[in-house]
Amino acid sequence: MLKKWLDPIDDALSVVALAAISGLTIVNVICRFVLNSPIGWAEEVSLGLFVWLVFIGISSAMKRGGHIGVDYFIQKMPRPLQLVLTLIGAAAMYFVLIYVFIYLGWQFTAQAGSKITPVLGISYQYIDFAVPLGGLLTAIHFTINLIRSFQKDSDKKERA
């Protein structure tokens, strides 16, 4: 049930952010150069949406295994060493996701309470919240992928 609800949320947020950035930028260019009347808040909104696109998009890419890895070299090593290196890599990934993205991102968001955007006067907390949320969603998808990779390895062992 949770997976059914959680799975499409990062994709939907990323697509909405990308579409809004693209549409707003096109409209602003037309307004600026054709009508000589740019939209004053367009850059501010686009910047906020870009932050959301990046940090929520990380989760979407993690779900599909779209991040760069060097598993070619790991696959050439003996099985026990593969396991050790996979666990070290997972520990490093969890450190970045939990400490940097979620913990520090949450502190970053909390500290932005009094900081507001110059044109619209929106709290930066709404923009900065993408960091811990993206970290949490990415950690969930990373955990699912890690469990699946260990399940695939055990299935290969059973067949051999």
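Points to keep in mind about this one:
- Look at (1) over 30 Å from Val45 (Cβ atoms); (2) of a type in the set (D, E, K, R); (3) modelled with pLDDT of 95 or more and you find that Asp128 fails only one, number (1).
- Those helices (runs of 4 or more DSSP H) lying entirely in the stretch 59-160 with at least 2 residues touching a residue at least 24 places away in the same chain (Cβ under 8 Å) and either surrounded by 11 or more Cβ atoms within 10 Å (Cβ to Cβ) or of a type in the set (A, V, I, L, M, F, W, C) (or both): 79-94, 105-111, 125-128, 130-159
- Hits in the stretch 1-57 - residues which are β-branched (Val, Ile, Thr) and outside any helix (DSSP H, G or I): Val34, Ile39
- Search result, residues across the stretch 8-28 that are loosely packed, with under 14 Cβ neighbours inside 10 Å and either at pLDDT below 90 or among the small types (Gly, Ala, Ser) (or both): Pro8, Ala12, Ala19, Ser22, Gly23
- For the stretch 68-105, a residue qualifies if it is touching a Phe, Trp or Tyr at 6+ places or on another chain (Cβ under 9 Å) and closer than 30 Å to Tyr126 by Cβ, and the qualifying residues are Met93, Tyr94, Leu97, Phe101, Gly105.
The values are calculated or read from the model by the stated rules, or taken from the named source; none is laboratory data. No experiment lies behind these values; they were computed from the predicted model shown. Positions of Cβ are backbone-derived with ideal geometry, glycine not excepted, and every protein chain shown enters the neighbour counts.
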